[in-house]
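Below is one structure; the comments refer to it alone.
The values are calculated or read from the model by the stated rules, or taken from the named source; none is laboratory data. On a predicted model such as this, the values are computed, not experimentally measured, just so you know. Note that we place each Cβ from the backbone using ideal geometry, even for glycine, and neighbour counts take in every protein chain shown.
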Amino acid sequence: MSELLVINGQQRISGRINVSGAKNAAVAILPASVLAENNPVKITNLPRITDINKLIEILKALGADVIEDEANERNLLIDPTNVNSHTPPGMMINKLRASYYLMGSLLGRFLQVEIPMPGGCDLGPRPIDQHIKGFTALGATVELEHGIVKIKAKKLQGAYIYLDVVSVGATINIMLAASRAEGKTVIENAAKEPEIVDVANFLNAMGAQVRGAGTDVIKIEGAKELRSVEHCVIPDRIEAGTFMIAAAATYGDALVEGVIPKHLDPVIAKLKEVGAGVEVGPDWVRIKAPNGLAPTDIKTFPYPGFPTDLQPPMMVLLTRAPGTSIVSENVFERRFRHVEELKKMGAQIKLEGRTAIIEGGSQLTGAPISAMDLRGGAAFVIAGLISQGETYLRGLEHIDRGYESIESRFRKLGVNLERLAETE
Ligand code: EPZ
């Protein structure tokens with residue numbers, strides 16, 4: 001049954017919240033557990049979002065034993081010993097973009113994998129040519145037949161791989177396969193996101209030799225066997241940034257705890273530019289914006305640039321800042337699908353290719369709108385909070401992929417959203 005969020009407008013965020021584990025690290029670490037052949041791994045601080053729940057089901061379908069910690073649903077024990085298939089069930093795969101990490105992990109484990117082309121948010125074309133470039137360099141053959149990617153290798157041999165495009169997914173996927181290749185692999189022009197460093201730390205704790213993660217040159221020495229390990233997933237900088245931007249956009253005051261402030265540098269810089277007060281502690285950030293906001297320009301780039309995943313929430317904030325703000329989306333070809341819905345609420349936004357020109361300062365009005373992707377959906381929650389009147393937000397399945405029970409998370413921050421079944 002479909003659901004909707006009813007969001008009352010003119011609310012101010014005021015409260016404190018603990019950030020969950022990083023979705024974009026967890027969705028790679030779960031598939032990577034397959035590489036620890038006969039050794040169970042314990043993963044803690046997992047976000048309990050639908051992407052993770054789907055990956056747990058896929059791992060079970062492949063033969064893994066997944067034991068949930070009764071005391072804490074964020075902790076899992078995964079025993080990959082009985083994983084006996086290199087063909088994850090297609091029906092489950094294409095609902096989840098991050099399923100593509102099973103390519104690198106199953107290739108590393110079985111020297112073969114057959115998996116449908118990945119699904120995920122529609123942000124424009126999302127090719128996997130750089131992933132394939134890496135697997136081919138490691139000695140695999142790759143065929144695409146009726147939407148199924150078939151990858152096979154007699155053995156995986158370390159190689160030098162230059163990524164034509166800075167890609168988070170390709171960097172991680174190649175790292176996974178290379179961790180079981182013979183010899184040394186060098187990934188040049190690698191992405192530097194903190195989630196990549198977290199995956200590298202997980203692999204190294206299992207006994208792999210991954211050096212340089214977080215820089216644009218990563219060196220991986222293949223390992224014969226990967227052993228049991230316990231790994232705690234890093235905090236989610238995108239979830240943290242969503243709450244920080246929401247606090248500033250609502251002229252509120254939020255204490256966001258359990259973060260790694262360094263990962264939030266670009267967001268902190270931009271919130272200061274729009275006039276928010278930002279206090280930074282060892283593992284918390286406090287955002288206050290009682291006196292309104294100023295316009296600024298945003299350019300998204302791979303880390304440590306401003307994260308593309310926070311472009312939609314930041315655009316909502318900028319609709320409130322009197323004056324002209326320019327948002328350039330340099331990572332994805334088509335990540336402005338949220339603009340049309342914001343214009344229904346009265347936002348003054350003009351699109352020119354990958355640039356959005358925002359005339360801020362106008363009051364948004366609540367409206368019935370639908371999320372079409374995860375971060376656009378989060379942006380619409382913020383838009384509902386700052387609007388005049390009620391907003392009815394549908395497409396919650398997109399939001400639930402990356403935010404645990406978004407209505408209860410925002411209630412902790414002092415605002416109320418209500419999730420209703422469509423019939424009500
Ligand atoms: C990851 O997607 C994240 N998803 C995205 O977060 C995030 O927006 C993105 O990285 C950029 O930071 C996960 O980690 C599960 P890319 P990914 O490969 O790996 C092009 C969210 O909301 N490209 O870094 O798919 C691609 O088209 C999601 O949490 C190629 O051309 O992103 C894009 O324009 C949304 N060929 C650019 O590179 C390839 O082989 C960056 O994509 C791969 C990518």
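Points to keep in mind about this one:
- When every residue of region 235-251 is checked against the conditions, at least one turns out to be under 24 Å from the mean Cα position of the chain (by Cα), assigned to a loop (DSSP other than H, G, I, E, B) and within 16 Å of the ligand (Cβ to nearest atom).
- The residue of region 199-210 that is surrounded by the most Cβ atoms within 10 Å (Cβ to Cβ), among those that are under 18 Å from Pro31 (Cβ atoms) and out of contact with any His (no Cβ under 8 Å at 6 or more places or on another chain), is Val199.
- Test for Arg401: is it under 13 Å from the mean Cα position of the chain (by Cα), in the same structural domain as Leu310 (by TED's automatic domain parsing) and modelled with pLDDT of 95 or more: no
- For region 121-150, the set of residues classified as more than 7 Å from the ligand (Cβ to nearest atom) and of a type in the set (S, T, N, Q) consists of Thr136, Thr141, listed by residue number.
- Subset of region 383-422 (residues that are crowded, with 24+ Cβ neighbours inside 10 Å and farther than 16 Å from Ile245 by Cβ): Thr391, Leu393, Arg401
- Qualifying residue in region 313-323 (condition: in the same structural domain as Ala249 (by TED's automatic domain parsing), over 20 Å from Ile386 (Cα atoms), part of a strand (DSSP E or B) and at pLDDT 95 or above): no
- Residue in region 80-101 that is modelled with pLDDT of 95 or more, within 16 Å of the ligand (Cβ to nearest atom) and of a type outside the set (Lys, Arg) present: yes
- Summed over region 327-342, residues that are away from the ligand (no atom under 16 Å from the Cβ) and either in a loop (DSSP other than H, G, I, E, B) or crowded, with 16+ Cβ neighbours inside 10 Å (or both) total 3.
One line per residue, one yes/no per condition, for (1) at pLDDT below 95; (2) among the aromatic types (Phe, Trp, Tyr); (3) not assigned by TED's automatic domain parsing to the domain that holds Glu37:
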site	(1), (2), (3)
Gln157	no, no, no
Tyr162	no, yes, no
Val186	no, no, no
Ile196	no, no, no
Leu203	no, no, no
Val217	no, no, no
Ile220	no, no, no
Ala248	no, no, yes
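- Filtering Ile358, Ile386, Ile369, Ile349 for residues that are without any contact (Cβ under 8 Å) to a residue 40 or more places away in the chain and more than 23 Å from the chain's Cα centre (by Cα) leaves a single hit, Ile349.
- So Arg375, is it over 15 Å from Ala254 (Cβ atoms) and either without any contact (Cβ under 8 Å) to a residue 12 or more places away in the chain or within 14 Å of the ligand (Cβ to nearest atom) (or both): yes
- 2 or more residues surrounded by fewer than 16 Cβ atoms within 10 Å (Cβ to Cβ) and not assigned by TED's automatic domain parsing to the domain that holds Asp309: qualifying strands (runs of 3 or more DSSP E) within region 1-95: 65-68
- Residues of region 160-185 that turn out to be away from the ligand (no atom under 12 Å from the Cβ), surrounded by fewer than 19 Cβ atoms within 10 Å (Cβ to Cβ) and not charged (D, E, K, R), as a count: 3
- Some residue of region 12-32 being over 24 Å from the mean Cα position of the chain (by Cα), closer than 19 Å to Leu107 by Cα and not hydrophobic (A, V, I, L, M, F, W, C): no
- Listed conditions (1) among the small types (Gly, Ala, Ser); (2) in contact with a helix residue (DSSP H, G or I) (Cβ under 7 Å, 6 or more places away or on another chain); (3) within 14 Å of the ligand (Cβ to nearest atom) are all met by Ala254, apart from (3).
- Criterion: closer than 18 Å to Phe336 by Cα, among the charged types (D, E, K, R) and in the same structural domain as Ile326 (by TED's automatic domain parsing) - qualifying residue of Arg409, Arg375: Arg375
- Every residue from region 149-174 that is more than 21 Å from Met117 (Cβ to Cβ) and in contact (Cβ under 8 Å) with a residue 60 or more places away in the chain: Leu156, Gly158, Val166
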